[in-house]
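A short write-up of the structure that comes next.
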């Protein structure tokens, strides 16, 4: 997202010639600051959502690792 002067743009456009000719990319210029804010909030929400999903995928491994650390601590306490 680019904010320069009064023009705000939101795009996933590939400005290379191949992207313009073959990929059907497009560019959207948004001039209303309120609409730009809504797009920015939505983008942050999507990033948070995918970070959450990524954390869920890693959670079982983290639980196993935490259990192993707890077991080592317990073994160290019992050996003293």
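Some notes on this structure:
- Residue 56 paired with residue 74, simple spin-label distance in nm, labels 7 Å along Cα-to-beta-carbon: 3.0
- Cα convex hull of region 33-80, projected area averaged across orientations, nm²: 4.5
Just so you know, all these numbers are worked out from the coordinates, no wet-lab data involved. A quick note: this is a predicted structure, and the numbers were derived from the prediction, not measured. Methodologically, a virtual Cβ is constructed for each residue, glycine included, from the backbone with ideal geometry; neighbour enumeration extends over all protein chains shown.
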